[in-house]
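Student: Once you've had a glance at the structure underneath, I'll fire off some questions.
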Amino acid sequence: MTRQSVISEYERQRLKNIKENREMLLALNLVADQPSAKRKIQVAKKDKKDSRGDEQSDGDWEEGPARGKLQQPSRRSKRLRGESAEPVTKVEERVVETGDISEFLTPADTYFDKDTISKAIRVSGHFAGWVEPQAMARLDIQGNAERAWETEGGGKFSFKDPLGIGKPLSKRVVPSGQSMAKFVASKLLKKNPNAYFYRHTEPGVEQWTGDWTDEEKRIFLDVAERFGCGDKWGLFSTYIPHRVGYQCSNYYRQYVIPNGWIIDDNYRLDSTGHAIYVGKHKR
């Protein structure tokens, strides 16, 4: 019985892969055409005998298969070609110094056509409303931010003490698998509704994910036209059931601004149509 007749399917596939890989390397001129060609290779010193039981000393030589000549890169930088690089413009210098990239971006009034601009809602980048009235009544939330904060215990807000309890919040109180931000927000339904609704829907209301419906788009634009938009997304989201504040913020940047439905001078558009925030507040 020949070896070919008893070779396993695995071995047959392995040999096929080796053959195909070698053909590919030959096509790329990365190996010699004749596998029997020899070259000298130096063998590193071994502390133990090899499988044949022979001791090899440092500097021994043995025959090995030759390698093909490596192909040199065809592209070279201007510096390597001895050419001068393109000079840095004054605009680029200002970007390096200030970090302001707005000069490379396009205002909405220039980016969009006249018809889109004429139909767009213009906002200042601020939401001037409060919690949606019916939700405010259902949840017994006070009528403005100051009263809500003071009625629910007051205290001085800080990022280390977002609950206003007079001491930093320990990470040990956060349930496993939940972020600190979401845990803190869950405690602020009545005291700081904007923080709560940025990450949570109204208690008992399912949060939707995925594409927005036409009805949700209509409500979004109606609320923006009435109260403005661009900040306080938690409060803004109380008008749109099943959505939370960060979803409204993302929808604004990824769809509303790039489509020209709302013009907010705090944003400009890059060459691909993405909305880039250029306002005073860092995002």
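Student: Restricting to region 243-282, count the residues that are surrounded by 15 or more Cβ atoms within 10 Å (Cβ to Cβ) and on the phi > 0 side of the Ramachandran plot.
Tutor: Qualifying residue count, region 243-282: 1.
Student: A follow-up question, please. Please find, among F159, F127, the residue that is within 19 Å of W233 (Cα to Cα), assigned by TED's automatic domain parsing to the domain that holds Y239, at pLDDT below 95 and of a type in the set (A, V, I, L, M, F, W, C).
Tutor: Residue meeting the stated conditions: F159.
Student: I've got another one for you. Based on what the data block shows, is K191 of a type in the set (D, E, K, R) and within 24 Å of the chain's Cα centre (by Cα)?
Tutor: no
Student: Which one is surrounded by the most Cβ atoms within 10 Å (Cβ to Cβ) among residues in region 120-151 that are among the charged types (D, E, K, R) and free of Cβ contacts under 8 Å to residues at least 40 places away in the same chain?
Tutor: Ranking the candidates gives E150 first.
The values are calculated or read from the model by the stated rules, or taken from the named source; none is laboratory data. Since we're looking at a predicted model, the values are computed, not measured. Virtual Cβ from ideal backbone geometry, glycine too; neighbours counted across all protein chains shown.
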